[in-house]
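What follows is a set of notes on a single structure, which appears directly below.
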Amino acid sequence: MSKNVIFCFSGTGNCLDIAKNIARELGDTDIVMMRRAPAVTDVRFCERVGFVFPCHAGGMPLGMEDLLRTLSVKPNPYTFGVVSYAGYPGIGLSQLNSIIPLDYWAGISHQSACIWLMPHTLMFPPLTPEKAQKRSEELAAQIAADVKAFRKSDKAPAAPLFNRIEASVWPKLAAKKAAAFSVSGKCIGCGQCARLCPKGNIRMVGGRPDFGKDCIQCLSCLQFCPREAIHMGGPTVKRERWHNPNVSAEEINEKIIHID
Ligand SMILES: Cc1cc2nc3c(=O)[nH]c(=O)nc-3n(C[C@H](O)[C@H](O)[C@H](O)COP(=O)(O)O)c2cc1C
C-alpha cells in the first residue's frame, strides 16, 4: 500500500485528471477508482486519504455514499475531499464529511459533463476548455500544497437547501433519463460503452448496445463513444461531446493507478 490513497469517481475524466495532478505533487499515491466497489477498502494506516468526485445534480454521484460506507479510514490518516463541478459544488463534500470526517476540502469548477442539460463550455463563469483545464491544474497544485502541509479547513462544508432538494429528486430523474438512451447507425459495435458502464447496464446484443434501467448517469458511455453514436434525446444529437483530454477510456476503467 502506498503512503497516500485517493479514492476517485470520474465519469468523463475531470476528476481523474485532478486526482492525478494532486498525486503527482504528493508522490507515492494510489488512486483507487470508485466507479465500482473499490479494490482497496482498508486505508487506516496511510498518511493521507483523499476523495475526488464530481457534483451530480447537487450531490454525490448515485451509489457513492454506499461505497464510502465500505471503507475503513479513520482515526489515523489526514483526510481531504475535492469536488469537481460546472456551476456549483453542491452538498457532496458535506455528505462525504458526514460519513468520513474531513480535515480539509476544496472545489474545482471544470467543463460540464451533463450534455443533455447544457453544452460543456457553459460552466460558471463560462471558459474555453483550455482555460478551464489550466485553472483546474493550478487549483490542483494549490490543493496538493495544502494537503502536503496537512492544512485543515476551518469550517465544515456547506449543504445549501436548494442542492439538498435537487439531490433528493435526482434518483427518480436519473431513472427517467436512463430510459432516454438510444444508439445511431454510426455505432460500429466496438463494445467500449458496455466495458465502461460501472453498473453493467449495457449489454451488446447483435453487435449493438442495449441499455437497461440501472444507470447512475456517469455518462462515460456517451462521452467516450469513439463514433459519438450514443444519444439521450434531442439536445445530444448536435451537442459537442466532452471528456477530459488527459484521460483515456481505458484509464477511467482501471481499478488502481499508482503514481510515484
Ligand atoms: C449527470 C450529471 C449531473 C451534473 N450535475 C451538476 C450539478 O448539479 N452542478 C454542477 O455544477 N455540475 C454538475 N455536473 C457537471 C460535473 O460535476 C462536472 O462536469 C465534473 O467536472 C465532471 O467530472 P468527471 O469528468 O470526473 O465525471 C453534472 C454532470 C453530470 C454528468
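With Val32, Val73 as the choices, which residue is in contact with a Phe, Trp or Tyr (Cβ under 6 Å, 6 or more places away or on another chain), away from the ligand (no atom under 12 Å from the Cβ) and either in the same structural domain as Cys225 (by TED's automatic domain parsing) or more than 18 Å from Ile143 (Cα to Cα) (or both)?
Val32
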Options Val237, Val183, Val205; residue that is modelled with pLDDT under 95 and farther than 30 Å from Ile6 by Cβ: Val237
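Per-residue answers, yes or no, for (1) under 24 Å from Tyr88 (Cβ atoms); (2) basic (Lys, Arg):
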position	(1), (2)
Ala145	no, no
Ser168	yes, no
Lys176	yes, yes
Cys190	no, no
Ala194	no, no
Gly200	no, no
Residue under evaluation Cys218, criteria (1) closer than 17 Å to Ala37 by Cα; (2) away from the ligand (no atom under 12 Å from the Cβ), criterion not met: (2)
Filter pass, Ala132 being outside the structural domain of Ile230 (by TED's automatic domain parsing), within 14 Å of the ligand (Cβ to nearest atom) and either at pLDDT 95 or above or loosely packed, with under 14 Cβ neighbours inside 10 Å (or both): yes
Extreme residue, farthest from the ligand (Cβ to nearest atom), among residues of region 110-129 that are surrounded by fewer than 21 Cβ atoms within 10 Å (Cβ to Cβ) and among the hydroxyl-bearing types (Ser, Thr, Tyr): Thr128
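What's the total number of residues in region 96-109 that are within 15 Å of the ligand (Cβ to nearest atom) and surrounded by fewer than 18 Cβ atoms within 10 Å (Cβ to Cβ)? First the steps, then the outcome.
Looking only at region 96-109, we keep the residues that are within 15 Å of the ligand (Cβ to nearest atom), and these are 96, 106-109.
Keeping just the survivors that are surrounded by fewer than 18 Cβ atoms within 10 Å (Cβ to Cβ) gives none.
Residues in region 96-109 being within 15 Å of the ligand (Cβ to nearest atom) and surrounded by fewer than 18 Cβ atoms within 10 Å (Cβ to Cβ): 0 in total.
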Filtered residue count, region 141-197, keeping only those that are among the polar types (S, T, N, Q) and within 16 Å of the ligand (Cβ to nearest atom): 2
Flag if Gly87 is surrounded by fewer than 18 Cβ atoms within 10 Å (Cβ to Cβ), within 16 Å of the chain's Cα centre (by Cα) and in the same structural domain as Glu47 (by TED's automatic domain parsing): yes
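The values are calculated or read from the model by the stated rules, or taken from the named source; none is laboratory data. Fair warning: this is a prediction, and the values are worked out from it, not measured in the lab. Neighbour counts run over all protein chains shown; Cβ positions are idealised from the backbone, glycine included.
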